[in-house]
Amino acid sequence: MSFLLRATAGVAARLPRLICPATTTPLPSSLLSALPNSPLPWICARHRGSMTFFAHLSQERLWKSATSVSNAGRKRGRARGRKMVKNLNRGQVLGFGNTNMVWPGLNAPLFRGKEPVQQQQLPPDPSRKEKLYKMRDSIEKFRQVKVTPLERGWSGNKMPGRSLGPPDPIGDEKFDEFDTKVLEMKQVANMTGTVGRVRRFSILVVTGNKKGLMSVALAKAIDARTALRKARNRSIKKLRFVERFEGRTVFHDFHHQIDSTHVFVERKPEGYGIVGHRAIKTICEQIGIRDLHAKVEGRINLQKVVKCFIAGLEAQETHEQLSERKGLHVVEFQQEHQAFPHVLASPKTQPVRTEVDRVGDREELRFPQLYMDGRVRLRKPKNPPFYTKLPSWEKKLKEMEITRNHRQILEYHWLQRELKGPLPLYQHLREPDKGHLPFSKPTKPEMKPKK
Amino acid sequence: MAFGVYPIIKLNWAWRLPFPTCYSATSTRLWQTKLRQFSSDVPQTVPVGREAKAASSVEKAFFQPQVQSLLQNLTGRLTEKVFGRRQVAKIRTSHIRLLTDEELDKARREKLKEVDMVLQMPPVMAERQPCEEVIVEDPRLEEYNSSRHVFVDITYGVKPRKRYMVVRETNGTLRRASWEERDKLNQIYFPISGRSIDFPLVFEDGNLKAALDRGFHHNILDRACIQFEPDDPNFIRICHTVYDSINDNRNFSLLESTRHMGGLIFRIVSIGKPENYLIYLLQKDRMDSVVDLLTLHYIIHPEGAEEFASILSSNDDGGPLAALKHFIKSSGQTQGNLQLAMQAYQEDQRQMQEEERVENRRSAG
């Protein structure tokens, strides 16, 4: 009998919602006291194991259990992928239910003409439930904005690298041939006396017409969209022209430095493409530079990289200026033209110099080194493959030592035997290491007797 | 690297050549070096087919020194064309240098030395004669095998034309290999880069016509030079097709300053159809070239040559025009267009002279 009593006590606490799930008011105590004599305990005891909490918890409490995140958890980022509370009653109207009833005064007028409307049951509407579900799901579903691969930026759904289109027209002036791209989008903050930390979006954009005109602009606003618009429209007011060699690359290799950021830029042949930092690549695309290699060394702060690269581009010297400065012809030798000299520029205001001292290093006349400030870009050697650290590799090397260079030695001696005498194009032959050969001893220089 | 197969001979200068290193098997690199002495070591073969005979009349005419110099004159040496843009294995960054006048001249002169090599004309030869020759017939070997056997001497350093190749037929006959077989086998054992063993599709009639419609004459001729020997009937046929298409459409500028111009001029002169080219030269105001072309014409067709020479040498100023008139009169065909072109040329000359006179008067006054 004791288990029964315990069972009834448990049931007593949950009973109200079993009877009346829509209300939260507990039953009167008179009813509770009468429970042991009622037939209910039997039923409750039998169904105790399969009782579901959906039936006796309020909607708010149920939702809270599924969606709430503690404050500590929120700080650790657990609130990021949180489910949102969904209104499951959306679309339900008072007076309309599963049974298709006409209730005058509730869902129908009391009188139609002069005749009072009768309360009646209409045939059930089979599509009612479907409509309800559809309305509930369609409105509440979170829709992710899909960006096509062509419109995507450098990474994921992020703004940097994405196009913003041309700047807004000023008066009648339209800028349709320009295009703006985001270089950086970040949140910055400052502290104020009254408000405290004020967060804003800082946005760096580049605009260009792909024919040499370009500009870079930075704008801040509390709203990201406003900041983007501000930056885009500010950029068109700061246009500058960048000269390009053959309309596709830079005039010469150069090095430029701003603070601790170094940029090494190399002139490249047609079809090379743009190789370098993604911001540099985007800037080049907007200017209309198609072939270039850039390497950033030192601090890679994006705003510094952009500033440094653009300053380097602006500081370039055209071939005409160079030839004027040095008083010499600037001549190009291309393999595609069998290295036939092609004069790019000749001095116009002065005669060409007749004497040049190329041996003494007083004056730099080597074109690739002219604008490098005496610096060389770091070319990292390739890391050796992992297996060279294994003991088996050392073993293999030891085993193979005996056959080292055999192939080349054989070829060399075969050629010497076959051709009898000095080889044609002797200087182009790979000469083996003679010290290791059993059949060719290093020749000693003949000693001449001293007089 | 402990092991590796490296190319033994490195040709540092090969990229400078505008055409593949050797354009035919006869000019393989090895015999240009000191390997000639070795040809005495390998078994000497008896010259067969065309080689046994003296050079044909076509060859004789083409290789005359005077003809060669005239053809070279007519070819032209435009540096933009000779050193025009060509395909390279990998486009690298160009070199830029700062030069004085003297250094620039020197660099130019160095490169101009290569012009002769670039413009060296592929030889014009008569078609080769068949070279199959039965050596022995052995009926005992009949039905011995279902396929033919080919025996090739692959000694190092023998000229492809002299390499010994014989075929044992299924009926037991042992014979010398035909030219087609020789070409194939030479390509198998001593491949020339750019040459394919099978007949290239581009030379089939439909494709050839399509290529010529698009103006790929130069490329077709270059490819033919790599693929065929100069006395191969296919080579001669393809060259003639290309030359004729140029002559008919008056696209002479396509081949000017290239090594194929000589062959083209030799072709149109030897078939007696130089009118289109003469008109082209008159329109370009190139009277010197007209004289060269007519001289060439009278070397190859000697009828009326003496008269032509006397007219050319008699009048010192109007000589060339008179010689051209003589040519138009003496050549039996109707030369209406040529006549018109000459009159237009004369008219232009007259106008230019008048303008000069007016200018002289102005400067004097």
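Of everything in the stretch A:344-364 that is within 45 Å of the chain's Cα centre (by Cα) and either surrounded by 16 or more Cβ atoms within 10 Å (Cβ to Cβ) or over 25 Å from A:GLY312 (Cα atoms) (or both), the residue that is farthest from the other protein chains (Cβ to nearest Cβ) is A:ALA345. With the structure loaded, tell me whether A:HIS252 is open to solvent by less than 40 Å² (accessible area, probe 1.4 Å) and not charged (D, E, K, R) or whether it fails that test. Judged against the criteria, A:HIS252 is a match.
For the condition buried (at least 19 other Cβ atoms within 10 Å of the Cβ), of a type in the set (Lys, Arg) and in a helix (DSSP H, G or I), A:LYS230 qualifies.
So in the stretch B:69-81, with the set limited to residues that are in a helix (DSSP H, G or I), more than 8 Å from chain A (Cβ to nearest Cβ) and of a type outside the set (D, E, K, R), which one is surrounded by the fewest Cβ atoms within 10 Å (Cβ to Cβ)?
Step one: list which residues in the stretch B:69-81 are in a helix (DSSP H, G or I), which gives B:69-75, B:79-81.
Now restrict to residues that are more than 8 Å from chain A (Cβ to nearest Cβ): B:69-75, B:80-81.
Among the residues that remain, those that are also of a type outside the set (D, E, K, R) are: B:69-75.
Working: B:SER69: 12, B:LEU70: 23, B:LEU71: 24, B:GLN72: 17, B:ASN73: 17, B:LEU74: 24, B:THR75: 22.
Going through the qualifying residues, I end up with B:SER69.
Checking each residue in the stretch B:166-183 for being crowded, with 18+ Cβ neighbours inside 10 Å and hydrophobic (A, V, I, L, M, F, W, C) picks out B:VAL167, B:ALA177, B:TRP179.
For every residue, the table says whether it meets (1) part of a loop (DSSP other than H, G, I, E, B); (2) modelled with pLDDT under 90; (3) over 30 Å from A:GLN257 (Cα atoms).
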| site | (1), (2), (3) |
| --- | --- |
| A:LYS348 | yes, no, yes |
| A:VAL376 | yes, no, no |
| A:THR388 | no, no, yes |
| A:LEU410 | no, yes, yes |
| A:PRO422 | yes, yes, yes |
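Scanning the stretch A:306-322 for residues that are open to solvent by less than 60 Å² (accessible area, probe 1.4 Å) and away from every other protein chain (no Cβ under 13 Å) yields a count of 8. Selection of the stretch B:107-120 for residues being more than 7 Å from chain A (Cβ to nearest Cβ), part of a helix (DSSP H, G or I) and either touching a residue at least 12 places away in the same chain (Cβ under 8 Å) or among the hydrophobic types (A, V, I, L, M, F, W, C) (or both) yields B:LEU112, B:VAL115, B:MET117, B:VAL118.
Can you tell which of A:ARG278, A:ARG290, A:ARG299, A:ARG325 is open to solvent by 20 Å² or more (accessible area, probe 1.4 Å) and within 12 Å of chain B (Cβ to nearest Cβ)? So that I can check it myself, show each step before the final result.
On the way: A:ARG278 fails: within 12 Å of chain B (Cβ to nearest Cβ); A:ARG290 fails: within 12 Å of chain B (Cβ to nearest Cβ); A:ARG299 fails: within 12 Å of chain B (Cβ to nearest Cβ).
From the options A:ARG278, A:ARG290, A:ARG299, A:ARG325, the qualifying one is A:ARG325.
Just to be sure before I move on: is A:GLU184 within 14 Å of chain B (Cβ to nearest Cβ) and either touching a helix residue (DSSP H, G or I) at 6+ places or on another chain (Cβ under 9 Å) or under 30 Å from B:LYS90 (Cβ atoms) (or both) in the structure I sent?
Values: within 14 Å of chain B (Cβ to nearest Cβ): no; either touching a helix residue (DSSP H, G or I) at 6+ places or on another chain (Cβ under 9 Å) or under 30 Å from B:LYS90 (Cβ atoms) (or both): yes.
So A:GLU184 does not fit the description; no.
Checked against (1) modelled with pLDDT of 50 or more; (2) surrounded by 15 or more Cβ atoms within 10 Å (Cβ to Cβ); (3) closer than 16 Å to B:VAL115 by Cα, B:PHE19 passes all but condition (1).
From the list B:LEU98, B:LEU104, exactly one residue is within 10 Å of another protein chain (Cβ to nearest Cβ), in contact with a Lys or Arg (Cβ under 8 Å, 6 or more places away or on another chain) and hydrophobic (A, V, I, L, M, F, W, C). Which is it?
Working: B:LEU104 fails: in contact with a Lys or Arg (Cβ under 8 Å, 6 or more places away or on another chain).
Unique residue meeting the criteria: B:LEU98.
Okay, residues lined up against (1) loosely packed, with under 10 Cβ neighbours inside 10 Å; (2) at pLDDT 90 or above; (3) not assigned by TED's automatic domain parsing to the domain that holds A:ALA227:
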residue: A:GLU140; (1), (2), (3): no, no, yes
residue: A:LYS158; (1), (2), (3): no, yes, yes
residue: A:PRO169; (1), (2), (3): no, yes, no
residue: A:VAL188; (1), (2), (3): no, yes, no
residue: A:VAL195; (1), (2), (3): yes, yes, no
residue: A:SER202; (1), (2), (3): no, yes, no
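Quick one: count up the residues across the stretch B:184-196 that are open to solvent by 50 Å² or more (accessible area, probe 1.4 Å) and among the polar types (S, T, N, Q). The qualifying residues number 1.
Among the residues of the stretch B:162-182, those that are within 20 Å of B:SER196 (Cβ to Cβ) and touching a helix residue (DSSP H, G or I) at 6+ places or on another chain (Cβ under 8 Å) comprise B:ARG163, B:MET165, B:ALA177, B:TRP179.
Scanning the stretch B:82-95 for residues that are at the interface with chain A (Cβ under 7 Å from one of its Cβ atoms) and aliphatic (A, V, I, L, M) gives B:VAL88, B:ILE91.
A:ASP168 meets the conditions (1) closer than 30 Å to A:ILE289 by Cα; (2) in contact with a Gly (Cβ under 9 Å, 6 or more places away or on another chain) in every case but one. The failed one is (2).
The values are calculated or read from the model by the stated rules, or taken from the named source; none is laboratory data. Just so it is clear, the model here is predicted, and its values are computed rather than measured. Heads up, the Cβs are rebuilt from the backbone with ideal geometry, glycines too, and the neighbour counts pull from every protein chain shown. Accessible surface is based on the protein model in full, side chains and every heavy atom, while ligands, DNA and RNA are left aside. Shrake-Rupley method; radii C 1.70, N 1.55, O 1.52, S 1.80 Å.
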